[in-house]
1. Using C-alpha positions alone, give me the convex hull volume of the stretch B:169-290 per residue in cubic angstrom.
2. For each of B:Thr135, A:Thr76, B:Thr190, count neighbouring Cβ atoms within 10 Å of the residue's Cβ, then give the residues from fewest to most.
3. Taking a cut-off of 23 Å between Cα atoms, list the lysines near A:Lys142, but don't count ones fewer than 8 places away on the same chain.
4. Note the count of lysine pairs whose C-alpha atoms are less than 22 angstrom apart in chain C, limited to pairs 8 or more residues apart or on different chains.
5. If the elastic network links every pair of Cα atoms under 10 Å, which of C:Met264, C:Met162, C:Met19 fluctuates the most in the Gaussian network model of chain C?
6. Please compute the Kirkwood hydrodynamic radius over the stretch C:84-171, one decimal place, Å, based on all pairs of different Cα atoms.
7. With n ≥ 4 as the cut-off for DSSP H runs, can you work out [θ] at 222 nm for chain B, using -39500 (n - 2.57) per run divided by the number of residues, rounded to the nearest 500?
8. Compute a Gaussian network model of chain B, connecting alpha carbons closer than 10 Å, and tell me which residue from B:Ala296, B:Ala247, B:Ala220 fluctuates the most.
Amino acid sequence: MNNEALQNLISSWHPDLTFTEEGSQFLNISVQPEQLHNLMKQLKTNSDTHFDYLFCLTGVDWESALGVVYHLESTTHRHAVVVKVQTEDRENPTFDTVSDIWATAEFHEREVFDFFGIKFNNHPNLKRLFLTEDWDGYPLRKDYVDEINMVVK
Amino acid sequence: MQMETITVNKSFKSEEYFINMGPQHPATHGVLRLLLTIDGEIIKKVEPDLGYIHRSIEKMCERDSYQQIVHLTDRMDYLSSHINNEAVCLAVENALQLEIPDRVKVIRTIIGELTRIASHTLWWGVMGMDVGALTTYFYGFRDRELINDIFEETCGARLTMNYNIPGGLMFDIHPNFVKRTKEFIAHFKTKLPEYDSLLTGNIIFQKRMKGVGILSKEDAISYGASGPVGRGSGYSCDVRKHHPYSALDKVTFNETLRQEGDSFARYQVRIQEMWESMSIIEQLIDNIPEGEHQVATNAVIKLPKGEFYQKVETARGELGVYIISTGTKSPYRLKFRSPGFSNLSLLNHIAVGGKIGDLVATMATLDLVIPDIDR
Amino acid sequence: MIRFFSITKNIHEWLFNLMPESVASVVEMILIAVVYLLIFAVAGLYLVLLERRVAAWFQLRIGPNRVGYQGLLQTMADALKLVSKELTGTEKADKFLYNLAPYFVIISSLMALSVFPFTQDFQAFDINIGLLFLIAISSIGVIGILLGGWSSNNKFALIGAMRSGVQTISYELSVGLSLLTMVLLTGSLQLSEIVEVQKGGWLIVQGHIPAVIAFMIYMIAGTAETNRAPFDLVEAESELGAGFHTEYSGMKFAYFFLAEFINMFIIAAIATTVFFGAWLSPFGITESIPILGVVWFLGKTLILVFLMMWFRWTFPRLRIDQLLTLEWKYLLPINLINIVVMAFVVWLKITI
């Protein structure tokens, strides 16, 4: 299915999604945190989309907001899509987990939690993966400062 | 500290105990730490604890220029350093829409496949060691050494090669390259059957591997397994087939698939892949096109605003490079989707219920490289 | 004609003339002990060297060849290094048992060494239950391993020790039964008697098919008894680090290490004695020079030792359940049937 058809299909489920292909080789979908889990479930289970392979899960600090980017691919239809979700809450950013949909998300979400402090509701084992439990702050955030260990040019 | 011990103990059943495998353990091939819950010899739970070699390469990338980033990628999956370099270079080249000469593409592919063979021979040696056959290690290293010699002659380095730069290759190939690569292929064709006669056919080895660590195709996809781990479960996930890059669209090769999904299937996929890699090299080595070995780029590379994703097939599986650029000389965010990270996440799923020996053998067939997981 | 008996007899008489009888016998015992300790140390060290050179040969390497001619002094140097090393251990170890364990292992293998007929008359003591004594003594070693693993206060060591217990107790049966099969032929447990019976032909020839089966079972079970690959689950360096001796260092580790090699020698030596006629030469070609018996004995033993090294450097390791399956479901039943077959062979006098 090409990007246009995908866009038509997905927007028929959730009319308030925003789509863009600008500056990216994939179709980008921006979704509200509340709709995230619902949309993801549909993308996986619907036989026309069947995005069964979550090949990349990235945490991004947009400075104005914290977000997660999901790269999805279908192993049967071989089409791909990117789902983005954002929140402006820097103190307590929370999204729903997708680890019940794709098992690989469990580790990737733990990584995002570790480095961005983004929490995932209903995650089976949300704790730090790389850093120690008593680590202060979230290193991959743009406002993270560590004057001793970070070499900044 | 005291409190923590008590709470941990409560979660155990009476017969179970807890053991720390790693970070200094021979079977974890580096500094992976596994927290094992065991009942006698039977594994009840495997929980990886990572970060012992985390260097925060992604954070460093946000500071460095694109040329510098290429050098950091060597240090991730050091056994397929060339392919890691290629991933970043391809991402940057695609973003800049550079026209890469055919010569560069062919050389990249040949060296990439040589890297794959080198990685698999090392894996094979270590695999044997993990199941207790110590001799395999030296057989694997004997052949890997020859590839490393070719690399050394070509670009001066044996492991962390840094041969790729955005826009092409750092130098042209050495005049001996074609000759020595052909010599190696001829040599390795006689040596690869030795691998089978030493280990593959061994009855103890087969008993150790068959029916152990079974991963179904659905689980493989759900856990994001890639490379030989996915293909051992019958999941067609070869990036070289589905998203060909460099000169891989010019060659014909078979994607090795096996349906069993057990450790032995993963083992055989890797052995078969070495044959396929040799066939790819043979198709390309005689007709490396003439031409430039690089195209000029600006001294300071600035990517256009936007997002770029490039995936390549390393020896371990699918490596993704996700660059978010705001138009400056460094990426705004750069994410490496490393194959080992996803492959490790399924370890608990396939190791539970087996013995300690099974865990070690299964982990060997996942072919984990810890710096690749920790980045 | 030089015979060991005449040399030892001369020393014996000289000692008893020199001092009172009670002192002389004590001195004699000490002398014999020292001789056997020397044999033990030299054999252990050179078996280690042999293993390393054989391994190197299998693995396309050269092996140690720098210290002394062709590396002959390499293991001596290693032993010196181990003696000079600091002894480290875990804090909460059971100190007494922890220190005791290596001695169990080494003493059991040392005691076993004393009953072998290296050649005619070269045997420290020739008891009439020789074979039984050997089997009994060689199973004491496992107590040392269990103690060592348990008292080190290390879970890997404990797993290794428990595996060792399971493995040794299981395979003890096969070792015992396969030797018992041969005892049916000899009618005696005394080692010198067993050798005497073989003057007409080695037992493996006399007992033909059941003897060959017994020999194969014995070699498999014997390899398992010594905890060597493919049955090295006790150490299993890729699984347990170093297994039961993880927490041992310096000379205490060396005791375990040496004992392993001596045990391998003992297993091969028992096979030589029981199946291949000990110091007897094939077809009696050197019957007239009994001192050459040592050469024959060691030669046959080393061939079997080489066989065990060959196993080690080519086979992968079994898993613990496969190990037990092999013993209880295959070796033991075959062994029991084999004994019956052998009994018929002896009864119907169809030996060769």
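Computed from the coordinates by the stated procedures, all read-outs in this text should not be read as laboratory data. Every value quoted in this text rests on a predicted model; they were computed, and no experiment measured them. Backbone-built Cβ (ideal geometry, glycine too); neighbour counts: all protein chains shown.
1. On the way: hull volume 15.4 nm³, N = 122.
Cα convex hull per residue, to the nearest whole number: 126 Å³.
2. On the way: B:Thr135 21, A:Thr76 12, B:Thr190 8.
Sorted ascending by nearby Cβ count, the order is B:Thr190, A:Thr76, B:Thr135.
3. List returned: A:Lys84, A:Lys119, A:Lys127, A:Lys153, B:Lys59, B:Lys302, B:Lys305, B:Lys329, B:Lys335.
4. Close lysine pairs under the 22 Å cut-off: 10.
5. In the Gaussian network model the winner is C:Met19.
6. On the way: mean 1/r = 0.0688 Å⁻¹.
It is 14.5 Å.
7. Only helices count here, giving -14500 deg cm²/dmol.
8. Of the options given, B:Ala296 has the highest mean-square fluctuation.
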